[in-house]
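Below is one structure, written out as structure tokens, with a few remarks after it.
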Amino acid sequence: MANYLIGDLQGCDAPLARLLAKIGFSASRDTLYLLGDLVNRGPASAAVLRRLMGYGDAAQCLLGNHDLSLLAIAHGDRAPHRNDTMDEILQAADRDAMLDWLRHRAMAIHAHGILMVHGGVLPSWDLKQSLALAGEVERVLRGPALGDFLSHMYGNQPDRWDDQLTGFERLRVIVNALTRLRFCTPEGAMDLRASGGLHKAPPGLLPWFDVPDRQTANVTIAFGHWSTLGYLRRDNIIALDTGCVWGGCLSTLKLAADGRHELIQEKCEQAQAPGD
């Protein structure tokens, strides 16, 4: 029995198939933990979803910003971007099954001593609060208020956490942190525009995981979302978005109980140019 973390797929099913063959994955024996952005920009988003659905509980999947975008587009709450590649899902006979499966995925997972999110964790949140807040969003996604929530999900404000936040503003901050966060101020205010690597941090901003006194500093956190960061392992941090859709690699980390995790990568065909 093996457990694997896998970075952003973004609709790239062929590299996923090759990677799973390379590691000898068996759905009856092993477990995959996918760090979100399962769909979009790549050529085979529907195939990715059907594959993962077929694996049942062997595929534990997080929701990323592109996955939430698909739900919003499907519900008429967001217009497609010119480079989106989700029409195959939206026009499929099994569209409803795929969308229903997607909205029942997780916003955060804690397993094998690792907190898994797609984007990041705000500095003031500890492990318990991070999971509780993720659960608040999950309950709305799975409930009757889904459409209303999706119509209020987008926006960059509020840009920081306050325990007194309520309603859609509260949910928006949680979603933005867990699926979009890269940089923030030392005080924990999110900047959701900057997307460069560590050497391109705008003045006054830090990677969310470098903020002093971060409450999850003693927790190992794995995340995707940040292709310009690439693979990074340090200080209880595991970054696994290695730009598969841009022609980089699809990365998986085979987890080991002693922390000596093994990195395995599969070269990807370029589906879109960076910046498209």
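Just so it is clear, none of the values below were taken in a lab; they were calculated from the coordinates. Source: prediction; values computed, not measured. When we count neighbours, we look across all protein chains shown, and the Cβ atoms used for this are built from the backbone with ideal geometry, even at glycine.
What is the spin-label model distance, in nm, from E269 to R193 if the labels are put 7 Å beyond Cα along the C-beta direction?
Modelled inter-label distance: 3.7 nm.
With each pseudo-label sitting 7 Å past Cα toward Cβ, what's the A2-A256 distance in nm, one decimal?
Each label point lies 7 Å from its Cα, and together they span 1.3 nm.
Return D159, D77, D241 ranked ascending by Cβ neighbour count within 10 Å, so the fewest neighbours appear first.
With the sparsest Cβ surroundings first, the list reads D159, D77, D241.
Find the relative contact order for the range 3-267 and round it to a whole percent, using C-alpha pairs within less than 8 Å whose residues are 6+ positions apart.
So the answer I get is 21 percent.
What distance in nm separates the simple spin-label points at Q157 and A92, each placed 7 Å from Cα in the Cβ direction?
Taking the simple label geometry, Q157 and A92 are separated by 3.8 nm.
What 222 nm value per residue comes from the helices of the chain, counting each DSSP H run with n ≥ 4 as -39,500 (n - 2.57) and dividing by all residues, nearest 500 deg cm²/dmol?
Taking each H run of at least 4 residues, the total per residue is -8500 deg cm²/dmol.
Under 9 Å from the Cβ of P123, count the other residues' Cβ atoms, weight Lys and Arg +1, Asp and Glu -1, and hand me the total.
-1
Taking +1 at the Cβ of each Lys and Arg and -1 at the Cβ of each Asp and Glu, which of L240, L198, A257 sits farthest along the dipole of the chain towards its positive end, judged by Cα position relative to the Cα centre?
In the chain, that residue is A257.
Measuring from a point 7 Å past the Cα of Q129 along Cα-to-C-beta, which residues in the range 205-228 have an amide N at less than 18 Å?
Correct set: 208-221.
Hey, got the dipole for the range 1-98? About the Cα centre, +1 on K and R Cβ, -1 on D and E Cβ, debye to the nearest 20?
Charge dipole, the range 1-98, about its Cα centre: 280 debye, nearest 20.
Which lysines, on any chain, are close to K267 with Cα under 22 Å apart, when same-chain ones fewer than 8 places away are left out?
Once the sequence-local lysines are set aside, what remains near K267 is K22, K254.
Put +1 on the Cβ of each Lys and Arg and -1 on the Cβ of each Asp and Glu in the range 76-155; which of A132, F149, H118 then has its Cα farthest toward the positive end of the dipole?
A132
Out of the range 24-122, which trypsin sites (Lys or Arg not before Pro) are coil in DSSP terms and have no more than 11 other C-beta atoms within 10 Å?
Taking the range 24-122 and a limit of 11 other Cβ atoms within 10 Å, the loop trypsin sites (Lys or Arg not before Pro) found are R29, R82.
Among DSSP bridges having both ends in the range 3-267, what percentage is antiparallel? Round to the nearest 5.
Given both bridge residues lie in the range 3-267, the antiparallel proportion sits at roughly 60 percent.
May I ask you to order 109-118, 19-28 by the average number of other C-beta atoms within 10 Å around their residues, highest value first?
Per-residue mean Cβ counts within 10 Å order the peptides as 109-118, 19-28.
What is the distance in Å between the Cα centroid of the range 129-200 and that of the range 214-248?
Centre-to-centre (Cα) distance: 18 Å.
What is the ratio of the Cα radius of gyration of the chain to 2.2 N^0.38 Å, with N the residue count, to two decimals?
Ratio of Rg to 2.2 N^0.38 Å for the chain: 0.93.
Roughly how many debye, to the nearest 20, is the charge dipole of the range 3-267 about its Cα centre, given +1 on each Lys and Arg Cβ, -1 on each Asp and Glu Cβ, and no other charges?
520 debye
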